[in-house]
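For reference, the structure discussed in these notes is given below.
The values are calculated or read from the model by the stated rules, or taken from the named source; none is laboratory data. What you see is a predicted model, and the numbers here were worked out from it, not measured in a lab. Heads up, the Cβs are rebuilt from the backbone with ideal geometry, glycines too, and the neighbour counts pull from every protein chain shown. For accessibility, only protein heavy atoms count, side chains too; no ligands or nucleic acids. Shrake-Rupley method; radii C 1.70, N 1.55, O 1.52, S 1.80 Å.
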Amino acid sequence: MNPAAYPPLRLAWTIWGLGAALYLIGFFQRVAPAVMTGELMSEFDIGAAALGNLSALYFYSYVAMQIPTGLLADRWGPRRLLTAGAAVAAAGTLLFATASTLALAGAGRLLIGAAVAVAFVAMLKLAAHWFAPRYFALTGGVALFAGIVGAVLAGVPLRLLVDAFGWRPVSLAAAAATAAVAAAIWIVVRDDPLDKGYRSHAGESEEPGVPAEGVLAGLRRVLRERNSWLLFAVPGGIVGPLLAFAGLWGVPYLSTHYPLSAADAAALCSALLVAWAVGGPVFGAASDRIGRRKPLYVLGVAVAAAGWAVVLMVPGLPLWLLGSLLVLVGFFSGCMIIGFAFARESAPSRLAGTVAGLINMGVMMGPMLLQPAVGWVLDQYWGGALGDGVRSYGLAAYRAGFALMLAWAVLAFVLILFTRETHCRAWARDQADD
């Protein structure tokens, strides 16, 4: 091997792709409870509030790990971090699959969320070392695609497997697959091309002469900017309703209040997620092309909120209209991808990692809070009806719970109006021009 040569793209994609495999697993685990709500409620004899908390434990630990993950990536390197993450995720999935009590199942979900939280930052670090800067946008788009593939696998395919084998055997198989990914990462992945005898891309896109800054100092500096606060709060109102619906409450709602089987309802939720995957790159590219962030973000939030208002509050929609609206909402929810670039341009470039972690926390705050909150409201409105031994909730209960989702979506629209346009310019240059 020639140490002066950069690594071949096939090798770079293989190295990075194993990190993306853990990201895919994270999305799979994020929405998997949506297609096994009945089984989990029956198995552990729980209502909607408890189920919402069980699902949301994933998000609690995921959010808590965002800042530490950046430090761990620098200290351990992506190979060790991804291997540890996949191994712990496998252990958490095994614990969840074999849990005899709700507490043990919750501990499993907590471990899974904390473990897969490392994937995104580790992938960014691998991309910076193994790919030229011109590939950064492409790797980001492929990462989102991989994540949505995981979410789609947790829809109809998972529902069919649960119907055929039961939720515990399927979860055991997921644990085994995750353990295999951990082994593959350890064997194949290397932190830098130098470890394979190639030239590294690291440093080509870094700013020379920028002093190091502590995590807390950097966070305080980022939060001084108004855009940072606003762009932290807004994506929760976009992703929160989307994952509260597609990730937990959409399947039981659609299968009990529309003439749809659980598999058909899961298919509609998967269509929502696929549209979201398509919308993200489209909005990102369009924003770069027009040289502005705010108008497209405002448009996306407005259409998504309006679409949710019809889907969640108007009963008995024709199935063709229901499906069309869910796809529309998913596509326009892709506007949230603009928030990462928008926020990065609203703070010093040396704090790009801190900004990314902050916005990613805001993204996950939505489902973290909304999944259990909707479940709590459902239980408050429960009239005592049971279906196959599982609590059945009426239309009024769902509308009351979904009102929380709609309220955050509307709040997101209001907040985005107060952001300051960056015109796609880096913070330092923009400040110099002012």
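Annotations
- Residue that is under 16 Å from the mean Cα position of the chain (by Cα) and under 27 Å from Ile187 (Cβ atoms), where the choices are Phe96, Phe28: Phe28
- Put simply, of Ala122, Ala103, Ala127 the only residue that is assigned to a helix (DSSP H, G or I), free of Cβ contacts under 8 Å to residues at least 40 places away in the same chain and over 22 Å from Leu243 (Cα atoms) is Ala103.
- Gly17 more than 14 Å from the chain's Cα centre (by Cα), surrounded by fewer than 24 Cβ atoms within 10 Å (Cβ to Cβ) and modelled with pLDDT of 90 or more: yes
- Filter pass, Val31 being in a helix (DSSP H, G or I), open to solvent by less than 10 Å² (accessible area, probe 1.4 Å) and not basic (Lys, Arg): yes
- Looking at Gly140, Gly214, Gly209, just one residue is surrounded by 15 or more Cβ atoms within 10 Å (Cβ to Cβ), small (Gly, Ala, Ser) and at pLDDT below 90, and that residue is Gly140.
- Gly307 vs. criteria open to solvent by less than 60 Å² (accessible area, probe 1.4 Å) and either part of a helix (DSSP H, G or I) or among the small types (Gly, Ala, Ser) (or both): yes
- Checking the stated criteria, Asp288 turns out not to satisfy the condition of being farther than 22 Å from Ile338 by Cβ, open to solvent by 30 Å² or more (accessible area, probe 1.4 Å), among the acidic types (Asp, Glu) and assigned to a helix (DSSP H, G or I).
- When restricted to residues that are in contact with a Lys or Arg (Cβ under 8 Å, 6 or more places away or on another chain) and either surrounded by fewer than 16 Cβ atoms within 10 Å (Cβ to Cβ) or modelled with pLDDT of 90 or more (or both), the range 397-432 contains 6.
- Residue count for the range 328-357, restricted to those that are aliphatic (A, V, I, L, M), modelled with pLDDT of 80 or more and either within 18 Å of the chain's Cα centre (by Cα) or open to solvent by less than 40 Å² (accessible area, probe 1.4 Å) (or both): 5
- Single match in Val63, Val88 (criterion: assigned to a helix (DSSP H, G or I), within 24 Å of Leu126 (Cβ to Cβ) and either open to solvent by 40 Å² or more (accessible area, probe 1.4 Å) or charged (D, E, K, R) (or both)): Val88
- Among residues of the range 253-283, those that are open to solvent by 20 Å² or more (accessible area, probe 1.4 Å) and assigned to a helix (DSSP H, G or I), counted: 13
Residue-wise test of (1) open to solvent by 50 Å² or more (accessible area, probe 1.4 Å); (2) touching a His at 6+ places or on another chain (Cβ under 8 Å).
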site: Ala114; (1), (2): no, no
site: Val121; (1), (2): no, no
site: Ala128; (1), (2): no, yes
site: Ala151; (1), (2): no, no
site: Val162; (1), (2): no, no
site: Leu172; (1), (2): yes, no
site: Ala176; (1), (2): yes, no
site: Ala180; (1), (2): yes, no
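- Count - residues of the range 91-112 that are crowded, with 18+ Cβ neighbours inside 10 Å and among the polar types (S, T, N, Q): 1
- Residue ID - most open to solvent (accessible area, probe 1.4 Å), chosen from residues in the range 377-396 that are assigned to a helix (DSSP H, G or I) and farther than 15 Å from Gly240 by Cβ: Gln380
- Number of positions in the range 362-395 that are among the polar types (S, T, N, Q) and farther than 30 Å from Ala64 by Cβ: 1
- Test for Leu194: is it at pLDDT 75 or above, outside any loop (DSSP other than H, G, I, E, B), touching a Ser or Thr at 6+ places or on another chain (Cβ under 9 Å) and open to solvent by 10 Å² or more (accessible area, probe 1.4 Å): yes
- Matching residues in the range 34-53 - criterion: being in contact with a helix residue (DSSP H, G or I) (Cβ under 8 Å, 6 or more places away or on another chain), assigned to a helix (DSSP H, G or I) and open to solvent by 10 Å² or more (accessible area, probe 1.4 Å): Thr37, Gly38, Glu39, Met41, Glu43, Phe44, Ala49, Ala50, Asn53
- Note on the range 54-94: residues that are over 22 Å from Leu172 (Cα atoms) and polar (S, T, N, Q) total 2.
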